[in-house]
Amino acid sequence: MNPIFKKRQTNFLIQLVTFTLLLFLIHSYLNYHFVNDVETFFPLWHIYLFQFVTVLIVYTLINYKNSIGKEDVFNTFILGMLVKMILAILFLLPWILSKPESKGVDLANFFIPYFVFLTFEVYSVVKFLQKNEEKTTLK
């Protein structure tokens, strides 16, 4: 396996685990103090596990494609975002079909982390691509 791929992947994994744990702890604290009496459909850890896995898969595909010599990874990124949106709908489908009582809390519990993780992912991929751009312009 490419050592550059391994190094980038390890660094990203450390950042993602730290980010996920920090965000999960903050979110759990806020839920405990503000919506403790509301019964939610999905446990918070399910939502964060889903977000963690999808972000990791998209970044790994982009990193892998770049490490085998592909310069244009934008299409992979867009395809990953599309698949991630479809998976989010599939993840939420049981909740949607159950006609939930606490719609607002469940929606906030899913979509606030979704967009925060999306921001983290876009930032990480852009940073990754900028480093690659700098390396190609220096050559």
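The values are calculated or read from the model by the stated rules, or taken from the named source; none is laboratory data. Here the structure is a predicted model, which means the values were calculated and not measured. As a convention, Cβ positions derive from the backbone with ideal geometry for all residues, glycine included, and neighbour counts pool all protein chains shown. Keep in mind that these areas ignore ligands, DNA and RNA; they rest on the heavy atoms of the full protein, side chains included. Shrake-Rupley method; radii C 1.70, N 1.55, O 1.52, S 1.80 Å.
The figures follow:
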read-out	value
Criterion: among the β-branched types (Val, Ile, Thr), within 25 Å of ILE14 (Cβ to Cβ) and in a helix (DSSP H, G or I) - qualifying residue of ILE86, ILE26	ILE26
All positions within segment 47-93 that are within 18 Å of ALA108 (Cα to Cα) and among the hydroxyl-bearing types (Ser, Thr, Tyr)	TYR48
Members of segment 103-126 found to be in contact (Cβ under 8 Å) with a residue 12 or more places away in the chain, over 27 Å from LEU61 (Cβ atoms) and open to solvent by 20 Å² or more (accessible area, probe 1.4 Å), listed by number	VAL105
Criterion (without any contact (Cβ under 8 Å) to a residue 40 or more places away in the chain, open to solvent by 50 Å² or more (accessible area, probe 1.4 Å), on the phi < 0 side of the Ramachandran plot and of a type in the set (A, V, I, L, M)) met by exactly one of ILE4, ILE26	ILE26
Some residue of segment 61-74 being of a type in the set (Ser, Thr, Tyr), touching a residue at least 24 places away in the same chain (Cβ under 8 Å) and open to solvent by less than 70 Å² (accessible area, probe 1.4 Å)	yes
Selected residue (criterion: modelled with the highest pLDDT) from residues of segment 73-94 that are more than 21 Å from ILE47 (Cα to Cα) and touching a helix residue (DSSP H, G or I) at 6+ places or on another chain (Cβ under 9 Å)	LEU79
Complete set of residues in segment 1-40 that are hydroxyl-bearing (Ser, Thr, Tyr) and under 14 Å from the mean Cα position of the chain (by Cα)	THR18, THR20
